[in-house]
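The values are calculated or read from the model by the stated rules, or taken from the named source; none is laboratory data. Just so we're clear, the structure is a prediction, and the values are computed from it rather than from any experiment. A quick note on method: Cβ atoms are made from the backbone with ideal geometry, for glycine too, and the neighbour counts reach across all protein chains shown. Side chains are part of the model used for accessible areas, which takes the heavy atoms of the whole protein and leaves out ligands, DNA and RNA. Shrake-Rupley method; radii C 1.70, N 1.55, O 1.52, S 1.80 Å.
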Amino acid sequence: MEQRTQPGKIEILLFYTTTCGSCSAYLPLFDKAMNQYRGHADFKKIDIDKDSSLNNQYNLIAVPTTIAVRDGVVLEKRTGQLLVKEIINMTKL
């Protein structure tokens, strides 16, 4: 990931692949939350087929996986599709 998040700000990371059906269905929901709460958190989408460098760091076992991180500390990790309100709740941790 190129950009650094400012200290104390939450990052919402979505790990997915383009060949995953659940991921394809989930991406529009993640995008909706990202557009609504962009100022509250930094949202990043990571296609693990193109960039697998974070797989071990975050112990990924399945996709889609959504992770809330602050200052390098995992606050919450969820596998599977989330509702928009669940993604938004992750920005408030």
Is region 18-28 home to any residue that is assigned to a loop (DSSP other than H, G, I, E, B), within 12 Å of the chain's Cα centre (by Cα) and aliphatic (A, V, I, L, M)?
no
Those residues of region 71-80 which are out of contact with any helix residue (DSSP H, G or I) (no Cβ under 9 Å at 6 or more places or on another chain) and either surrounded by 15 or more Cβ atoms within 10 Å (Cβ to Cβ) or within 21 Å of Ala25 (Cβ to Cβ) (or both) amount to Lys77, Thr79
Residue hits (region 49-60; more than 21 Å from Ile10 (Cβ to Cβ) and at pLDDT 90 or above) are Asp49, Lys50
Scanning region 66-78 residue by residue, those touching a residue at least 12 places away in the same chain (Cβ under 8 Å) and in a strand (DSSP E or B) turn out to be Thr66, Ile67, Ala68, Val69, Arg70, Val74, Leu75, Glu76, Lys77, Arg78
Of the candidates Ala25, Ala68, the one satisfying the condition of being at pLDDT 95 or above, out of contact with any Pro (no Cβ under 6 Å at 6 or more places or on another chain) and crowded, with 18+ Cβ neighbours inside 10 Å is Ala68
Residue pairs qualifying under the 9 Å Cβ cut-off, at least six apart or on distinct chains, with the first in region 14-32 being farther than 16 Å from Lys77 by Cβ and the second being open to solvent by 60 Å² or more (accessible area, probe 1.4 Å) and in a strand (DSSP E or B), are Leu27/Lys45; Asp31/Lys45
Given the conditions (1) touching a residue at least 12 places away in the same chain (Cβ under 8 Å); (2) part of a helix (DSSP H, G or I); (3) open to solvent by 70 Å² or more (accessible area, probe 1.4 Å), every one holds for Asn35 apart from (1)
message: Among the residues of region 47-65, are any assigned to a helix (DSSP H, G or I) and of a type in the set (A, V, I, L, M)?
response: no
Pairs returned, first residue in region 79-92 that is touching a residue at least 24 places away in the same chain (Cβ under 8 Å) and closer than 17 Å to Asp42 by Cβ, second residue that is surrounded by 11 or more Cβ atoms within 10 Å (Cβ to Cβ) and polar (S, T, N, Q), beta-carbon separation under 8 angstrom, 6 or more apart or interchain, are Ile87/Thr66; Ile88/Gln36; Met90/Thr66
**Prompt:** Can you find even one residue in region 74-92 that is modelled with pLDDT under 95, within 22 Å of Cys20 (Cα to Cα), out of contact with any Leu (no Cβ under 8 Å at 6 or more places or on another chain) and not small (Gly, Ala, Ser)?
**Reply:** no
